[in-house]
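Q: First, the structure itself, so that you have it in front of you.
The values are calculated or read from the model by the stated rules, or taken from the named source; none is laboratory data. Values in this document were obtained by computation on a predicted structure and should not be read as measured data. No Cβ is skipped: glycine too gets one built from the backbone with ideal geometry, and neighbour counts run over all protein chains shown. Protein only, heavy atoms only, side chains kept; ligands, DNA and RNA dropped before computing areas. Shrake-Rupley method; radii C 1.70, N 1.55, O 1.52, S 1.80 Å.
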Amino acid sequence: MLQTVEGTAPKKRGGLHYAFVICLGGFLTQFIVLSAQRLPAISLESIRQTLGVSYAEVGLITSIYMIFYAGLSFAWGMAADKFGTKRMIVLACGLASAGAISFGILAPMGLIPAIVTWSIAGCGTAGLLMAILPKIVSRWFAPEKRGMGMSLITPGANFSAIILGIVAPIIIASTGWEMAYIIFGGIYALIALFIAITFREGPEEKGLAPYGAPEGTQAAPTPTIEQPKAETASKSTETPIMRVLKMPITWHFGIFYIIYQIGYMAATQFYVASIQSAGFDLAQASLAITWGGILTIITELILGQLSDRMERKSLMAFMVALNAVLSLAYFFYLSNTPEASLLACYFFVATISACTGVITVIMTAAGEYYDDDIRATGTGVVGTINIVGRYLGPWLAGMVIDASGFVGDSFLIVGITMAIAAVIAFAMPRKRAKKTKAVTA
């Protein structure tokens, strides 16, 4: 008879698999991540006028937020491996909620309270992306379904961007920016409560096999890096962080992510400005972001399914290379067209944005390079390393634009860095899935 790895057969249940409830919670966490990043941009001018500070000073609020958001990913990963994913993701949502609410209440008192309270939100959102989600998806979905699982979670970010652009200005206009933060903080608190009630560490807590796993199994097989048998060793007694730091894939993936983030940030910072530089107004230029967000959601859903049917690193390399081609084409179009077409600008910005839907594959692939006991630590370290790219991207693109006086040059930077990142992705080691163990009696 077929038995599970643990020796206890999962219960058979009809209806929707509980993994999709987990995905709904993950989707909502991405709503928190993106709305917390974009809300200050929408309310920036109102905050600056209330505090009576300069643009440089008000910019410190988001700059210091980003340090905590990008810099604490490894800490959340280590904590999730030690204390459990559910506890940490509830705590992360709670901190995001506390930061947003306290910002709405205390930020009007001055720049320092604004920086401190919004930094609390940064500490919370740091645990809601790269650090914990890959581990959650790897537990709840079999390897051949993990891409699909992640693709149901990551669209929450772009959905948030679309909704935020419509709802936030209305709230700010009718109640003030302070109340907007309190309202969004309350929404974050409700999400934390939902996750606290519904999340489980793994399918075994519900008597289920991972979604997509063969019937009769309770633990999804974990893909491993192909390597010579002589190099295969027993698990180290070292701490998780040391094990992760000694793994070549950590630095290979980390370098890829740094280069990718340079291009990603250079693009996102200058989407709107590139269209404005072609002679169109802010309203016309901003519409490209909406179309790009919708197309990115569709792309994420498609890429998640595709990554379950082909090698993830190859799909990553292809999409990043496509981003490079489109970015270079946009650069040459803007450089050589005296009167650019708005529709052409929409096409390039929307398709370049859609290529960033590869984040679904990036997060899934990153998680599969690590064993379950260090998976969150591994992806957390990779997520922290990318802070270099996050800061280099806008700075490098801005420096080139200042030197040339041409905003389209930012997409030359995007094209070059994405091409390099594609080569690095393709050079990543292959993975093979372990065979599901079955015991017959």
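Q: With respect to Gly380, is the statement that it is in contact with an Asp or Glu (Cβ under 9 Å, 6 or more places away or on another chain), buried (at least 24 other Cβ atoms within 10 Å of the Cβ) and not polar (S, T, N, Q) true?
A: Judged against the criteria, Gly380 is a match.
Q: Another question, if that's okay. Mind counting the residues in segment 233-281 that are in contact with a Ser or Thr (Cβ under 9 Å, 6 or more places away or on another chain), at pLDDT below 85 and open to solvent by 50 Å² or more (accessible area, probe 1.4 Å)?
A: Total meeting the criteria: 1.
Q: Ala340: outside any helix (DSSP H, G or I), on the phi < 0 side of the Ramachandran plot and out of contact with any Cys (no Cβ under 7 Å at 6 or more places or on another chain), yes or no? Steps first, please.
A: Details: outside any helix (DSSP H, G or I): yes; on the phi < 0 side of the Ramachandran plot: yes; out of contact with any Cys (no Cβ under 7 Å at 6 or more places or on another chain): yes.
In short, yes.
Q: Same structure again: Looking for something in contact with a helix residue (DSSP H, G or I) (Cβ under 8 Å, 6 or more places away or on another chain) and more than 30 Å from Gly84 (Cα to Cα) - is there at least one such residue anywhere in segment 359-368?
A: No, there is no match, as no residue in segment 359-368 is in contact with a helix residue (DSSP H, G or I) (Cβ under 8 Å, 6 or more places away or on another chain) and more than 30 Å from Gly84 (Cα to Cα).
Q: Still on this structure, please answer the following. Select, from Ile42, Ile112, the only residue that is at pLDDT 90 or above and of a type in the set (A, V, I, L, M).
A: None of the others qualify; the one that does is Ile112.
Residue by residue, here is whether (1) part of a strand (DSSP E or B); (2) open to solvent by 30 Å² or more (accessible area, probe 1.4 Å); (3) under 22 Å from Ile297 (Cα atoms) holds:
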{"site": "Ile115", "(1), (2), (3)": "no, no, no"}
{"site": "Gly122", "(1), (2), (3)": "no, no, no"}
{"site": "Ala157", "(1), (2), (3)": "no, no, yes"}
{"site": "Ile170", "(1), (2), (3)": "no, yes, no"}
{"site": "Ala180", "(1), (2), (3)": "no, no, no"}
{"site": "Leu190", "(1), (2), (3)": "no, yes, no"}
{"site": "Ile195", "(1), (2), (3)": "no, no, no"}
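Q: Moving on. Within segment 81-101, how many residues are within 16 Å of Pro113 (Cα to Cα) and either part of a loop (DSSP other than H, G, I, E, B) or without any contact (Cβ under 8 Å) to a residue 24 or more places away in the chain (or both)?
A: 0
Q: So, one more: From the list Ile424, Ile385, Ile416, Ile359, which one is modelled with pLDDT under 90 and of a type in the set (A, V, I, L, M, F, W, C)?
A: Details: Ile424 fails: modelled with pLDDT under 90; Ile416 fails: modelled with pLDDT under 90; Ile359 fails: modelled with pLDDT under 90.
Testing whether each residue is modelled with pLDDT under 90 and of a type in the set (A, V, I, L, M, F, W, C) leaves just Ile385.
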